[in-house]
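Working notes, structure below.
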Amino acid sequence: MTRTYHIATYGCQMNEHDTERIAGLLEADGMAPAGELESADVVVLNTCCIRENADNKLYAKLGDLKVLKTHNPDMQIAVGGCLAQKDRDEIRERAGHVDVVFGTHNVHRAAQLLDDARQYGPQVEVLEAAARDDAEAFPSALPARREVDYSAWVTIQVGCDNNCAFCIVPAVRGPELSRPFDDLVAEAQRLADDGVSEITLLGQNVNSYGRDLTLAARKAGEDTRVRPLFGDLLRAVGAVDGIERVRYTSPHPKDLRPETIEAMAETPSVCEHLHLPVQSGSDQVLAAMHRGYTGERYLERVNLAKATIDDLAITTDIIVGFPGETDADHRATMELVAEVGYDAAYIFIYSPRPGTEAASLANTVPHEVAVERLEELRRVVQRSSAHNHQERIGRTERVLVEGLSKRDPSQQTGRTGQYKLIHFPVTEAGPLRPGTYADVQVVDAARQYLVGELVEVVSRPKTRVRIPVVSV
Ligand code: 5AD
Ligand code: SF4
């Protein structure tokens, strides 16, 4: 009988992308997706450790799985992702029923480790970041089972060379390693040939793309005068025939070069959306975080981007309650946020990550104060995002259709170039296939989404796919 699997994914797009690779490997090994977790023969937890509570959540989930496993002793449980990388031994110590622990550089071994565990007992394989090589570093080089046919992630770089005081990523994912330029363009071409029209380039710090490649080339005595920059990559991927949309995440404000902004402005397929994590608007807090820019410098870059890229949407990440953050620091963040006029922001309460510099800082901010600051900031962002949404009314937007709305199947859903969600009624001709590009006129705006009317279909997807229900 075909064995089935279920993968639960926590955290960022990198992890979602790793999940696609794990699914691809398990399917190449003869498995099929399980309808639900309870009936799966193999359960993989792809974990994240960037913010609080990830450990508690993992062990609670593993507790639930232990009960399931007593009813189905053949069930295999695997833990991968950042927590597995960080807490390799602790996981098996605390949850002896886990069959496989694999690190973030061992994703390509997931299927083999599950097979080995059936034969020889529990397997723990966690490669140190420093010991990895390119094959392990780039999940994009593995087969994937993509969730959607028309859109794909491409990892351009793994790891991070920065040392933001709050962040566990460099410790878990290791130093920056870039994937060679030509491989990336070839991958974009392969995906386009496969029917993909939207590509999202992924990296922890995409603007420093290629720095390590240049250093390695220089060491090898090669001519490195013409080194490819991230902007060149945007242009090259954007020029691939069949690629209609290029997105990327995330750039670091200190490394956002004018060349990247120009490439965004001059490459029609690169979407008019910049996710630029600010973290704080206070120079003191930014310095304590080691972010490498001031509020003013950040605003300069944002203003240059706004002035250069037509119709640009800007989103961000903010941390409230970093140790030592005063009311004055918070006000500085409020002012910066109001000035930028973000389209959306992910606001997080600071959570100490053991092993990071900030975890040992004094002057912690009481939780209630952090919650209050978060709410205040949220209100400011809501005002600008509502304002920006209102401004879209009357405009015609190019929309990439994703499927039917979950809440109301008489509506279909898609994303504009600015990455705004838009709902518009299904016409008599029936629902448009996911991956269709359509022009949609915006007729109304809510805080979280736009409402539109179909003007015309621009292009149909190359591949024939079912029409999924997507969440709103
Ligand atoms: N506490 C709170 N938020 C954090 N982030 C990263 N580390 C922490 C932490 N220790 C947030 C940052 C980052 C986003 C991916 O997660 O805002 O940009
Ligand atoms: Fe973490 Fe800073 Fe690197 Fe982003 S740039 S992954 S926040 S250390």
- Message: Starting from the 7 Å offset along Cα-to-Cβ, what nm value, one decimal, do you get for the label separation of D74 and Q284?
- Response: 6.3 nm
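At 0.36 nm per residue, minus the direct Cα-Cα distance, what do N163 and E259 gain on full extension? Give it in nm, one decimal, please. Please report the intermediate quantities before stating the final value.
Numbers: separation 96, 0.36 × 96 = 34.56 nm, distance 2.43 nm.
Extending this stretch completely gives an extra 32.1 nm.
Determine, for each peptide in 325-338, 236-249, 361-374, the mean count of other beta carbons within 10 angstrom over its residues, then list the peptides with the highest first. Don't jump to the answer; show the numbers that get you there.
On the way: 325-338: 17.9, 236-249: 19.8, 361-374: 14.2.
Result, highest mean first: 236-249, 325-338, 361-374.
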- Query: Given H placed 1.01 Å from N in the peptide plane, which residues other than close sequence neighbours of C49 have an amide H under 5 Å from its amide H?
  - Reply: C82, L83
- If the convex hull of the alpha-carbon atoms of region 146-271 is projected onto planes in all directions, what is the mean projected area in square nanometres? 8.5 nm²
- Where only protein heavy atoms count, and the probe is 1.4 Å, what is the accessible area per residue for region 146-271 in Å²? 39 Å²
- What are the ³J(HN,Hα) values, in whole Hz, obtained from phi via the Karplus relation 6.51 cos²θ - 1.76 cosθ + 1.60 with θ = phi - 60°, for each residue of region 195-204 in sequence order, with x given for Gly and Pro? x, 7, 10, 10, 10, 10, 7, 10, x, 6
- Task: Report the percentage of all Cα-Cα pairs in the chain whose separation exceeds 29 Å, rounded to a whole percent.
- Result: 54 percent
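Carbon and sulfur together cover what percent of the accessible area of region 396-470 at a 1.4 Å probe radius?
46 percent
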- Message: Check which residues have an amide H placed less than 5 Å from A313's amide H, if you skip close sequence neighbours.
- Response: H273, L274
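What FRET efficiency would be calculated for the residue pair R378, E147, taking the C-beta separation as r and a Förster radius of 30 Å, to the nearest 0.05?
Details: r = 29 Å, r/R0 = 0.97.
With R0 = 30 Å, the Cβ-Cβ based efficiency is 0.55.
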- Note on the structure: Residue-ordered couplings for region 154-165, obtained by feeding phi - 60° into the Karplus form 6.51 cos²θ - 1.76 cosθ + 1.60 and rounding to whole Hz (Gly and Pro as x), are 10, 7, 9, 6, 10, x, 8, 9, 7, 9, 4, 4
- Reachable lysines from K86, criterion Cα separation under 20 angstrom, eight or more residues apart if same chain: K57, K61
- Message: If each residue of separation counts as 0.36 nm, what is the full-extension length gain between A32 and K219 once their alpha-carbon separation is subtracted?
- Response: 62.7 nm
- So what is the diffusion coefficient of region 353-472 in µm² per second by Stokes-Einstein at 10 °C and 1.306 mPa s, using a Kirkwood Rh over Cα pairs? 96 µm²/s
- Quick one: which residues, 5+ away or cross-chain, put their amide H under 5 Å from the amide H of A165? H built at 1.01 Å from N. H290
- Query: Can you pull the percent of Cα pairs in region 275-390 with separation above 20 Å?
  - Reply: 40 percent
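Extension gain E357-R398, at 0.36 nm per residue separation less the Cα-Cα distance, in nm?
Values: separation 41, 0.36 × 41 = 14.76 nm, distance 4.47 nm.
Additional length available on full extension: 10.3 nm.
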- Message: Every cysteine in the chain with no other Cys Cβ under 4.7 Å from its Cβ, please list them in numeric order.
- Response: C12, C48, C160, C271
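Can you tell me the order of 252-260, 53-61, 276-284 when each peptide is scored by its average per-residue count of other Cβ atoms within 10 angstrom, highest first? Write down the numbers at each step before the final one.
Values: 252-260: 18.2, 53-61: 15.7, 276-284: 21.6.
The peptides rank, most packed first, as 276-284, 252-260, 53-61.
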- Query: Any idea how far the Cα center of region 378-456 sits from the one of region 61-93, in Å?
  - Reply: 40 Å
- Query: At a Förster distance of 41 Å, what's the computed FRET efficiency of Q13 paired with H367, Cβ-Cβ distance as r, to 0.05?
  - Reply: 0.90
- Note on the structure: Diffing region 243-255: the Karplus 3J(HN,Hα) column from phi (6.51, -1.76, 1.60, θ = phi - 60°), in whole Hz with x for Gly and Pro, holds 8, 8, 9, 10, 10, 7, 7, 10, x, 9, x, 5, 9
- Go ahead and run the numbers for FRET between Q390 and N53, Cβ-Cβ distance against an R0 of 45 Å, rounding to 0.05. 0.80
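Ignoring ligands, DNA and RNA, what accessible area per residue does region 4-131 give at 1.4 Å, in Å²?
Details: 5420 Å² over 128 residues.
I get 42 Å² per residue for this part.
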- lysines with Cα under 20 Å of K254, excluding same-chain neighbours fewer than 8 positions away: K306
- Share of carbon and sulfur in the accessible heavy-atom surface of region 146-271 [1.4 Å probe, %]: 49 percent
- Here, K406 and E456, labelled 7 Å along Cα→Cβ, have an inter-label distance in nm of 3.5 nm
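The values are calculated or read from the model by the stated rules, or taken from the named source; none is laboratory data. Keep in mind it's a predicted model, so treat the numbers as computed, not measured. Don't worry about glycine lacking a Cβ; one is built from the backbone with ideal geometry, like all the others, and counts go over all protein chains shown. In case anyone asks, the SASA skips ligands and DNA or RNA and just uses the protein heavy atoms, side chains included. Shrake-Rupley method; radii C 1.70, N 1.55, O 1.52, S 1.80 Å.
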